[in-house]
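Please read the structure below before turning to the comments.
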Amino acid sequence: MAFTSICPSNAISEGGMGLFRAGKKSVVLLWPQGGELAAFRGRCPHADVPLDGAIFNGRILTCPHHNWGFDGTTGKCATHLVATKLHPYPVRVEGDEIQVDVGPIKPERPSV
Ligand code: FES
């Protein structure tokens, strides 16, 4: 386990979100209004599909596939009575970089 830089610290602001990559893994950063920066796996836990196209209103991340909402602070599902939640990653700001720990990282395959 090691922290990896995924973006500059100014890539996200309070109330915002961003999708980034750490090797082959996708990471969604959420910074809830009045809360703390959080990192989660960039795939929806409902059907294990990428969260590309998800929207964040500063409190709830809404998946575009079936419109389930997830709390940006806890990652818990906020729209259905299920235990499903976003998978959290440790996150920190080091200097001018945001770093996450997603576990072992496999490098991207070079395109041919
Ligand atoms: S895949 Fe995200 S809500 Fe169904």
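The values are calculated or read from the model by the stated rules, or taken from the named source; none is laboratory data. All values derive from a computational prediction rather than experimental measurement. Using ideal geometry, Cβ is built from the backbone for each residue, glycine included, and neighbour counts are taken over all protein chains shown.
Please find, within the stretch 59-72, the residue that is nearest to the ligand (Cβ to nearest atom) out of those that are of a type outside the set (Phe, Trp, Tyr) and surrounded by 16 or more Cβ atoms within 10 Å (Cβ to Cβ). Before you say what the answer is, go through the steps one by one.
The first filter runs over the stretch 59-72 and keeps only residues of a type outside the set (Phe, Trp, Tyr), leaving 59-67, 69, 71-72.
With the extra rule that they be surrounded by 16 or more Cβ atoms within 10 Å (Cβ to Cβ), the set shrinks to 59-63, 69, 71-72.
Working: Arg59: 17, Ile60: 12, Leu61: 10, Thr62: 8, Cys63: 3, Gly69: 9, Asp71: 14, Gly72: 15 Å.
Checking each candidate, the answer is Cys63.
In the stretch 13-32, what residues are assigned to a loop (DSSP other than H, G, I, E, B) and within 12 Å of Val100 (Cβ to Cβ)? Step through it out loud before you land on a result.
From the stretch 13-32, those assigned to a loop (DSSP other than H, G, I, E, B) are 13-16, 23-24, 31-32; that's our starting set.
The one that is assigned to a loop (DSSP other than H, G, I, E, B) and within 12 Å of Val100 (Cβ to Cβ): Gly23.
Scan the stretch 63-90 residue by residue and report those that are part of a strand (DSSP E or B) and either of a type in the set (Phe, Trp, Tyr) or touching a Leu at 6+ places or on another chain (Cβ under 6 Å) (or both).
Filtering the stretch 63-90 for residues part of a strand (DSSP E or B) gives 69-71, 76-77, 85, 88-89.
Within the stretch 63-90, Phe70, Tyr89 meet the criteria.
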Original post:
Could we say that Ile12 is of a type in the set (Val, Ile, Thr) and within 16 Å of the ligand (Cβ to nearest atom) here?
Top reply: no
Original post:
Hey, Pro32 hits all of (1) out of contact with any Ser or Thr (no Cβ under 6 Å at 6 or more places or on another chain); (2) crowded, with 18+ Cβ neighbours inside 10 Å; (3) not hydroxyl-bearing (Ser, Thr, Tyr) but one; which does it fall short on?
Top reply: (1)
Original post:
Counting just the residues of the stretch 73-91 that are among the hydrophobic types (A, V, I, L, M, F, W, C) and surrounded by 14 or more Cβ atoms within 10 Å (Cβ to Cβ), which one comes out farthest from the ligand (Cβ to nearest atom)?
Top reply: Val91
Original post:
Hey, any hits in the stretch 33-55 for a residue that's in a strand (DSSP E or B), of a type outside the set (Asp, Glu), without any contact (Cβ under 8 Å) to a residue 60 or more places away in the chain and more than 14 Å from the ligand (Cβ to nearest atom)?
Top reply: yes
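Out of Val102, Val91, which single residue is among the aliphatic types (A, V, I, L, M) and at pLDDT 95 or above? Spell out the reasoning first.
Numbers: Val102 fails: at pLDDT 95 or above.
So the residue among Val102, Val91 that is among the aliphatic types (A, V, I, L, M) and at pLDDT 95 or above is Val91.
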